[in-house]
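First comes the structure, then the notes that go with it.
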Amino acid sequence: MPLAPGFVKTDGTRFVAAGEEFLVAGVNCYFLSYCSDEARRDTLAAINAIGANVIRSWAFLNFKERPASGPSFQYASGGSIVINEGPDGLGRLDGLIEAAEEQEFRLILPLVNYWDDLGGMRTYLDWLFPGQNLGVEEFYRRPEARAAFKNWIGSVLNRVNSRTNRAYRDSPAIFAWELANEPRCPIPGGRELLLDWIRDVCGFIKEQDVNHLVALGDEGFLRRDHAQNHLYTGEYGVDFEATLGVPEIDFGCYHFYPAVEQMNVPLEFGRTWITDHIEAGRRADKPVLLEEYGIKIGGQDVTSSSERDEWYAAWRQTVYETGGAGDLLWMIGSDEASVAGNYDPYTIFAAEEIPGLIQIRTKS
């Protein structure tokens, strides 16, 4: 059955679709946007078994030069940035959007990575300013970088899907665009620079696409006076509440990884982190999503999958009991040969690994 027409919108702190509340129960799977049709079918079968209604996947895949084989979305050639419109380029993303329309799920699509993986912000700087080894913050600052990024955004939003003959901007399968995956700007004045970039890029997206929601895609760092916890000091140049205050930002998102090498907070802190963001969303009258979360088995997190599952259930319960708009697990992977290397310590591969992970909940 094809996806019903219409786009996801917001109504205060809720998402709505087809006139009804739309609670997000989703997963992350970054490689679905560029993998083969066969790998995508196998992975989507596992996701469908979980019952997810939203999938977050990357709308970027950048290389300094065109790879000898395999997919790529952008690369440099002869001093120019080339957008690969072919079957081993955006044709792969066409396939994911077609599958979403046919299988009735929605997509959150970040447009660039803060991190270097799969060609992030630093790749743009290497293309535009070769050999200068600029700090990543120059991606936000330099007009040339903003122009190159906007060129990518415009090409994606206005692309006509080779499989559906529908422009991306007109596809109901797309839940939202995100400016970036986990952007930061940890320099003096970084908060103001990042907010200026957010306003600029959001405005451009809204000019190109009046149908879809827009979010930043950040980790949700908060900025509170006299805070001691690094998640609240503003030291990463991200201000979750100020971002929610940008009119063109439709919803907020936040991530949670308590591991020592990541956020370095107790598992119990999850409830506070979730509640603080939902309350910020309530003050801004916008939805907020727990967009990535994960616990490693072993090390200093938990010792068993059952213990992990209990914490996941507790966090999701907090999301829904306190008025959150939904959650997306990081992440689901696949054993299919061409994508088997796309995993990390948080990856699950089948619904059976996380009993009861996804339940579409209704509020009483």
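Each value in this text was obtained by applying a stated rule to the coordinates, not by laboratory testing. On a predicted model such as this, the values are computed, not experimentally measured, just so you know. A quick note on method: Cβ atoms are made from the backbone with ideal geometry, for glycine too, and the neighbour counts reach across all protein chains shown.
To the nearest 0.05, what FRET efficiency results for ASN165 and ARG41 with a Förster distance of 22 Å applied to their C-beta separation? Walk me through the numbers on the way to the answer.
On the way: r = 22 Å, r/R0 = 0.98.
Plugging the Cβ-Cβ distance into 1/(1 + (r/R0)^6) gives 0.55.
Each label point is 7 Å from the Cα along the Cα-to-Cβ direction; what then is the distance between the points at ARG271 and THR10, in nm?
It is 2.8 nm.
Name the helices (complete DSSP H segments) of the chain with a Cα length along the long axis of 18 Å or more and a Kyte-Doolittle mean of at least -0.5, or state none.
Working: long enough: 37-50 (20 Å, -0.26); 90-103 (20 Å, -0.24); 143-157 (21 Å, 0.11); 190-208 (27 Å, -0.12); 269-284 (23 Å, -0.71); 305-321 (24 Å, -1.49).
Qualifying helices, which must be both long enough and hydrophobic enough, are 37-50, 90-103, 143-157, 190-208.
What list of ³J(HN,Hα) couplings, whole Hz, do you get for the range 169-183 from phi and the Karplus terms 6.51, -1.76, 1.60, once you set θ to phi - 60° and write x for glycine and proline?
Each residue of the range 169-183 in turn: 4, 9, 8, x, 5, 8, 6, 6, 9, 10, 4, 7, 9, 6, x Hz.
Could you list which residues have their amide H under 5 Å from that of GLU85, counting only those 5 or more apart in sequence or on another chain, with H placed in the peptide plane?
Counting only residues 5 or more places away or on other chains, the set is LEU90.
Let's test the formula: R0 of 45 Å, r as the Cβ-Cβ distance of ASN211 and ASP117. What FRET efficiency results, to the nearest 0.05? All intermediate terms of the calculation are to be shown ahead of the outcome.
Working: r = 29 Å, r/R0 = 0.65.
Result of the calculation: an efficiency of 0.95.
Between ARG282 and GLN132, how high is the FRET efficiency from 1/(1 + (r/R0)^6) when r is the Cβ-Cβ distance and R₀ = 45 Å? Nearest 0.05. Walk me through the numbers before you get to the answer.
Values: r = 44 Å, r/R0 = 0.98.
Once rounded, the FRET efficiency stands at 0.55.
What value does the chain have for Rg/Rh, both radii from Cα atoms and Rh as Kirkwood defines it? Don't skip to the answer; put the middle values down first.
Values: Rg = 19.4 Å, Rh = 20.7 Å.
Reported Rg/Rh, Kirkwood definition of Rh: 0.94.
Under the 0.36 nm per residue contour assumption, what length would be gained going from the current alpha-carbon distance of VAL246 and SER304 to full extension?
On the way: separation 58, 0.36 × 58 = 20.88 nm, distance 4.16 nm.
Taking 0.36 nm per residue and subtracting the Cα distance, the gain is 16.7 nm.
Apply the Karplus parameterisation 6.51 cos²θ - 1.76 cosθ + 1.60, with θ equal to phi minus 60°, to every residue of the range 29-36 and state each ³J(HN,Hα) to the nearest whole Hz, in sequence, with x for glycine and proline.
For the range 29-36, the Karplus-derived couplings read 7, 5, 7, 4, 6, 9, 7, 6 Hz, x marking Gly and Pro.
Calculate for the chain the 222 nm mean residue ellipticity that helices alone would give, adding -39,500 (n - 2.57) per DSSP H run of length 4 or more and normalising by residue count, nearest 500 deg cm²/dmol.
Numbers: 9 runs with 112 residues, N = 364.
Calculated mean residue ellipticity at 222 nm is -9500 deg cm²/dmol.
Using a 10 Å cut-off around each Cβ, can you sort VAL201, VAL82 from fewest to most neighbouring Cβ atoms?
Values: VAL201 23, VAL82 17.
So the ranking, lowest neighbour count to highest, is VAL82, VAL201.
Across the range 226-238, in residue order, what do the Karplus-derived ³J(HN,Hα) couplings come to in whole Hz, using 6.51 cos²θ - 1.76 cosθ + 1.60 with θ = phi - 60° and x for Gly and Pro?
6, 6, 9, 5, 4, 6, 10, 8, x, 5, 8, x, 10
Tell me the relative contact order for the chain as a rounded percent, counting alpha carbon contacts under 8 Å between residues six or more apart.
Numbers: 743 pairs, mean separation 70.5, N = 364.
Across the chain, relative contact order equals 19 percent.
Arrange LEU3, LEU244 by Cβ neighbour counts within 10 Å, fewest through most, would you?
On the way: LEU3 16, LEU244 22.
Ascending Cβ contact count within 10 Å gives the list LEU3, LEU244.
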